Amino acid sequence: MKKFKRYLVTSALPYANGPIHIGHLAGVYIPSDIYTRYLRIKGEDVISICGSDEHGVPITLKARKEGVSPQQIVDRYHELNKKAFKDFGIAFDIYSRTSNKIHYDTASEFFLNLYNKGEFTEKVSNQYYDEEADCFLADRYIMGTCPHCGNENAYGDQCEKCGTSLSPTDLINPRSTISGGKPLMRETLHWYLPLDKYEPWLKKWILEDHKEWKVNVYGQCKSWLDQGLQPRAVSRDLDWGVPVPVKGAKGKVLYVWFDAPIGYISATKELTPDWEKYWKDPETKMVHFIGKDNIVFHCIIFPSMLNAEGSFILPENVPANEFLNLENDKISTSRNWAVWLHEYLEDFPGRQDVLRYALCANAPETKDNDFTWKDFQARNNNELVAILGNFVNRTLVLTNNYYGGKVPERGKTNKYDNEVLAEIAKFKAGVEVNLETYRFREALKEAMNLARLGNKYLADTEPWKVVKTDPERVKTIMNIALQITANLTIICEPFLPFSMEKLRSWLNYTAPKWSNAGKVDLLLPGHATNKPELLFDKIEDDAINRQIEKLMNTKKANEAANVKVIPAKDPITFDDFTKIDIRTATIIEAEKVPKTVKLLKLKIDTGIDVRTIVSGIAEYYVPEDIIGKQISIIANLEPRKIKGIESRGMILMAEDKDGKLVLVSPVKKVDNGSMIK
Ligand SMILES: [Zn+2]
């Protein structure tokens, strides 16, 4: 493996039109944070770059919908997400934003460089234009009738009713969502990045030179390259974004996918005047952490831009993750099907590491994975509490009880002790090899195995029993247990930074250094430790059930929002209506009609007479419950025979979306035979 002088770690810039959820964390930010923390305690020169992606049509649309400016939208989510990352210990060196001036300057300069080198091709195409608003219309700004399902509110890029992807010219009766008017076709000039021209270079760079990339990443790149690449427009007709910095480009901005990755460069510039050594020195290793939806941008398009510019290095690796689902359903912002970070911290204060742990242990590294609250609870109770917490707690409590918190001498060791001591030395390499190859789940498992080793060592040696007969032996046991604990504060630091900081404060141990991992004399005899508390607490069923219930309520609310109310029937005249004799009546007898499932035979007092009506409500009402109930009937419906019984009239029912029938009653008791009009 090539040795690099320094590292540049980037994490996908989250889009500033919504909050961060566990899917983002599991897919991008936890792995990038583990990797960065590991490099830092190794003493490497590393910087970790992230920030908000603040351009693009979804932001302008959201602003329009809320009646605020795009800047207000991005300000809101930039602050919210910046805080969420900080709260979860995601240790970026900078969390910048693409609406900064430094980014505008950097992105413009980048564009101009390529422009002056003649890299772009120019093309005139036809696009919808809103004359009243005096602007071209992005796909999402055009609505019309879907040619497939007739939905009158389909967008220019997709019909959300039938799911078909569309182009604006597919829509029947297109209209502008800005003015509501009919858009016209107009010619517009745009600049294109000729990806087709870069294809041979990309094929060699990825398919031959980067066979070590993760299978899911390599596979997606190969499939794109096999299909053949097309030139891609780098500009858009829009008023929100980085203006295209050339003549004749009024009203045009850089396309968001072009400007967003340049955001990594501008953020680095903002962080350090020394930015060029991270971006231009081949001794720097650049790694992009992203989700699978970003693979094409970070493996094909951005490297093509960097390569065409010529002075930049290329990513060494792009360890993209697949998607995390939530309780067997796709995470969705619009359906509120997510665990939001700020809400998690309200419900589980101080438990950042538990979520970090659960998300890493179950990370969607090679395929989509599912987050369930039951799994979260099990990870906490059976692993963090029962293994790591239990071992650490026993070690520190016994040290306090036996030696007033002072580390005892390690006396003569036996064969088992020596095996354990030799074992401790192996974890460093085991975790390292997995971290260096972006296998974070395996790395975490290996780190936890050190806690397992400690837990087993105490269970096997039983110092709490031996102390009565052989106190000297117990000193040796506790010394070894303490060395394992000190090792844990290093090995587990990248994964569980909050807990390891606590543990170090109890151990009175210094900042973690990766090179110290595996050593068995980290705590010298006589070193004073502090009184510990519990490292992890059990999570009880009701806390988990509350979360599951919250999701179930979301599901119900979504279903209710999806209920399609039957459209109104054709109009009738008032005369038509007055022909129907609707009035109140009381049920005085009720019995099931034999050999039927649905029918009840009711005796009704209508105020005019007492009569029999047969009604299909037996699945929803039992006879004894409805006797005495006041209801509504149609009194003048022609009599008909049902199962040999003459039914005179009809009971009024409301039918809900599942076909369930409910009696319609006056809200206050009235005389039988009162007209309903
Ligand atoms: Zn449709």
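Taking the Cα centre of the stretch 473-521 as reference, the dipole from Cβ charges on Lys and Arg (+1) and Asp and Glu (-1) amounts to some 180 debye. For the stretch 307-313, the Karplus equation 6.51 cos²θ - 1.76 cosθ + 1.60, evaluated at θ = phi - 60°, returns couplings of 5, 5, 5, x, 9, 9, 7 Hz by residue, with Gly and Pro reported as x.
Note on the stretch 101-201: Rg/Rh from C-alpha atoms, Kirkwood Rh, equals 1.10. As a rough guide to protection, the peptides 15-23, 312-320, 618-626 ranked by mean Cβ packing within 10 Å, highest first, stand as 15-23, 312-320, 618-626. Taking only the Cα atoms of the stretch 136-191, the radius of gyration and Dmax are 11.0, 35 Å. Which value in deg cm²/dmol, rounded to the nearest 500, describes the helix-derived mean residue ellipticity at 222 nm for the chain, given -39,500 (n - 2.57) per DSSP H run of n ≥ 4 and division by the residue count? Taken over the chain, the calculation gives -11500 deg cm²/dmol.
Note on the stretch 312-443: Rg/Rh from C-alpha atoms, Kirkwood Rh, equals 1.09. In this simple spin-label approximation, D45 and N153 carry label points 7 Å from Cα along the Cα→Cβ vector, and these lie 5.6 nm apart. Across the stretch 486-601, how large is the tail of the calculated P(r) beyond 22 Å, expressed as a percent of all Cα pairs? I get 72 percent for the Cα pairs in the stretch 486-601 exceeding 22 Å. Against the chain, whose longest principal axis comes from its Cα atoms, helix 57-66 is set at around 50 degrees. Counting beta carbons within 10 Å around each of K406, K42 and listing the fewest first gives the order K406, K42. With the Cα gyration tensor of the stretch 1-133 giving a ≥ b ≥ c as the square roots of its eigenvalues, does the rule (a/c under 1.5 for rounded; else a/b larger than b/c for prolate; else oblate) give rounded, prolate or oblate? Oblate.
Only Cα pairs under 8 Å and 6+ residues apart enter the sum, and on that basis the relative contact order of the stretch 400-501 stands at 36 percent. Each label point was placed 7 Å from the Cα along the Cα-to-Cβ direction; for N173 and E533 their separation is 6.5 nm. Charge tally for N369 (other residues, Cβ to Cβ under 11 Å; Lys, Arg +1; Asp, Glu -1): -3.
Dipole magnitude for the chain: computed about the Cα centre from +1 point charges on Lys and Arg Cβ and -1 point charges on Asp and Glu Cβ, it is near 1180 debye.
When every Cα-Cα distance of the stretch 375-513 is counted in 10 angstrom steps from zero, the calculated P(r) takes the values 11, 42, 35, 10, 1 percent. Looking at the chain, the DSSP beta bridges with both ends there are about 70 percent antiparallel. Rg and Dmax of the stretch 203-295, both derived from C-alpha coordinates alone, stand at 16.7, 45 Å. In whole Å, how far is the Cα centre of the stretch 1-26 from that of the stretch 53-103? Going from one Cα centre to the other spans 16 Å. For the stretch 30-87, what percent of Cα pairs sit more than 20 Å apart? Result: 45 percent of Cα pairs exceed 20 Å. Here the stretch 551-677 is assigned +1 on the Cβ of each Lys and Arg and -1 on the Cβ of each Asp and Glu. Its dipole about the Cα centre then comes out at about 260 debye. P(r) tail for the stretch 258-375: Cα pairs beyond 20 Å make up 56% of the total. Of the cross-linked pairs K592/K660; K598/K677; K456/K513, which ones have a Cα-Cα span greater than 21 Å in the structure shown? Listed pairs above 21 Å: K598/K677; K456/K513.
For the stretch 541-601, the Kirkwood hydrodynamic radius comes to 17.8 Å, computed from all pairs of different C-alpha atoms. Could you estimate the translational diffusion coefficient of the stretch 334-406 from the Stokes-Einstein equation, with Rh from the Kirkwood formula over C-alpha pairs, at 10 °C and 1.306 mPa s, in whole µm²/s? Here the translational diffusion coefficient equals 109 µm²/s.
Considered as an equivalent ellipsoid built on the Cα gyration tensor, the chain has semi-axes of 59, 44, 19 Å, the largest given first.
Across every direction, the projection of the convex hull enclosing the Cα atoms of the stretch 180-240 has a mean area of 7.1 nm². Diffusion of the stretch 518-677 by Stokes-Einstein, at 4 °C in a medium of 1.567 mPa s and with Rh set to the Kirkwood radius over alpha-carbon pairs, works out to 62 µm²/s.
Judged by the gyration tensor of its Cα atoms, with axes a ≥ b ≥ c, the stretch 72-122 is prolate; a/c meets the 1.5 cut and a/b is the larger of a/b and b/c. Reported to the nearest whole Å, the Cα centre-to-centre distance from the stretch 432-474 to the stretch 360-414 is 9. Using only the Cα atoms of the stretch 623-677, construct the convex hull and provide its projected area averaged over every direction, in square nanometres to one decimal. For the stretch 623-677, averaging the hull's shadow over all directions gives 5.4 nm². Against the chain, whose longest principal axis comes from its Cα atoms, helix 256-271 is set at around 40 degrees. Legend: residue pairs K222/K280; K123/K197; K367/K445; K214/K445, Cα-Cα distance threshold 25 Å; pairs beyond threshold, K222/K280. Ranked by the mean number of other Cβ atoms within 10 Å per residue, highest first, peptides 554-561, 541-548, 530-537 order as 530-537, 541-548, 554-561. Ranking T372, T573, T461 by Cβ neighbours within 10 Å, fewest first, what do you get? Ascending number of Cβ neighbours within 10 Å: T573, T372, T461.
Multiplying the residue separation of L314 and N418 by 0.36 nm and removing their Cα-Cα distance gives an extension gain of 32.8 nm. From zero outward in steps of 5 Å, how is the percent of C-alpha pairs of the stretch 322-367 spread across the bins? P(r) for the stretch 322-367, in whole percents per bin: 5, 19, 24, 26, 20, 5, 1. The fraction of all Cα pairs in the stretch 8-50 landing in successive 5 Å bins from 0 to the largest distance is 5, 22, 28, 20, 13, 8, 3, 0, given as whole percents. Summing charges over all other residues whose Cβ lies under 13 Å from the Cβ of E327, with Lys and Arg as +1 and Asp and Glu as -1, gives +1. Charge tally for Q158 (other residues, Cβ to Cβ under 12 Å; Lys, Arg +1; Asp, Glu -1): -2.
Only the coordinates and a few stated rules stand behind these numbers; no lab work does. The model shown is predicted, which means the values in this text are computed figures rather than measured ones. Quick reminder, even Gly has a Cβ in these numbers, built from the backbone with ideal geometry, and neighbours come from all protein chains shown.
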